[in-house]
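The values are calculated or read from the model by the stated rules, or taken from the named source; none is laboratory data. Here the structure is a predicted model, which is why all the values come from computation and not from measurement. Please note: Cβ atoms are built from the backbone with ideal geometry, for glycine as well, and neighbour counts cover all protein chains shown.
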Amino acid sequence: MPDSRTAAPTAALAAHSIRLITALQTPEGAYPASPTFSAYRGYCWFRDGAFIADAASAAGEGASAERFFDWCARVLEDRAEHIRWIVAESAAGRPPAAERMLPARYTFDGGDGSDEWWDFQLDGYGTWLWALVAHLDRHGGDVQRWRTAIALTVDYLVASWERPCYDWWEEHAMHVHVSTLACVGAGLAAVTHLLDADRAGRATAAVDGIRALIASEGVLDGHLRKWLGSTAVDGSLAAAVAPLGFVDAHSAVGARTVAVLDAHLNVDGGVHRFLGDTFFGGGQLPLLSCFLGLAHLAAGDRPAAESLFDWAASTATPDLDLPEQVADHLIAPGMRQEWIDRWGTAATPLLWSHAMLLRLGLALGRFTPDSLKDPR
């Protein structure tokens, strides 16, 4: 653990995290990525929001998660005709240009937003399906209110999953990313039992295609790779193992992937996005430490998961806010100031960081949903 920080008391940090998530959720149901960071202010991502909703659900705040799912459904239903057009054009062999595809993030009222962004990303649309089903598995409930949005999402992903798009980090749009495939595959697999027979068949075929593509082109030396054909790895790949569970933690590929992520990207508990990263100097992300911790825990290595949790908790500010990344072990220190000059200091708080700390802490038993309501 870095000497410059002292781990925040777990109960206080966890309670602050769930309070922050629920307090900042907008009346529309959106989760702000970060309330103050200049480039993220005013926007909600399907990907980040889905993982935040999953953490809220696991922490006992099911109503908050459902408000987010309602927001997703409204966003999608408002674009129903456009989604059907994308599907029809793709089926006709005329896949729309990237700028005509659904964006990765929306304004809180469900608008597309006017700021230029690296928008065409598929992962979030799979992740919201996965998070919704995970919530229903925990708490039950009537799926009827989300059926139209589920069907629209499935049709969109079945038509589009093979396309290159931006990755989790809004980079490398010319590649097909393995973590994106895992998000899409996990989402489609999760909702198959909720679909009519025809749509379920198409979703199942897509999941089978995704698994086959990963096996044939997304694995190198026994581990998942950053994108098809790449020799690199990426911290986001841990999510394929856990919490998504698209790759079995006990399989040879799952075990090897976790080991390689540890060897290449984990430095004393802090996990980098990828080697060569220059964003804010290429620091370590608490949320990626938590994803890798979940993967280790799924594989049965509790001590490794505990260590990663402790490092992530240690990054909290005195006000118990968690950042997007820290600058203790930079890959490209000369690039940090360039990003600060452009957007300000790293996003703090980042709700996704708080969500993943909750998710790993709950999985480890560091706290319970009841303790979050009345921390001791």
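Here are some notes:
- Considering residues of segment 249-290 that are assigned to a loop (DSSP other than H, G, I, E, B) and aliphatic (A, V, I, L, M) only, the residue farthest from residue 226 (Cα to Cα): 249
- When 88, 58 are checked against the criterion of being assigned by TED's automatic domain parsing to the domain that holds residue 163 and in contact (Cβ under 8 Å) with a residue 40 or more places away in the chain, a single residue qualifies: 58.
- Long-range neighbours under 9 Å by Cβ, at least six apart or interchain, first residue at positive phi within segment 298-314, second of a type outside the set (S, T, N, Q) and buried (at least 17 other Cβ atoms within 10 Å of the Cβ): 300/249
- Checked across segment 127-136, the condition of being over 17 Å from the mean Cα position of the chain (by Cα) and either part of a helix (DSSP H, G or I) or under 27 Å from residue 193 (Cβ atoms) (or both) holds for at least one residue.
- Checked against (1) closer than 30 Å to residue 30 by Cα; (2) of a type outside the set (D, E, K, R); (3) in contact with a Phe, Trp or Tyr (Cβ under 9 Å, 6 or more places away or on another chain), residue 367 meets all criteria but (3).
- Looking across 308, 330, one residue alone is part of a helix (DSSP H, G or I) and either within 18 Å of residue 359 (Cβ to Cβ) or modelled with pLDDT of 95 or more (or both). It is 308.
- Filter result for residue 178 (at pLDDT 95 or above and either within 25 Å of residue 291 (Cα to Cα) or in contact with a strand residue (DSSP E or B) (Cβ under 6 Å, 6 or more places away or on another chain) (or both)): yes
- Whichever residue in segment 186-204 is in contact (Cβ under 8 Å) with a residue 24 or more places away in the chain and of a type in the set (Gly, Ala, Ser) and, among such residues, is nearest to residue 240 (Cα to Cα): 186
- Residue ranges of helices (runs of 4 or more DSSP H) in segment 1-99 with at least 3 members surrounded by fewer than 17 Cβ atoms within 10 Å (Cβ to Cβ) and of a type outside the set (Lys, Arg): 10-24, 62-78, 80-91
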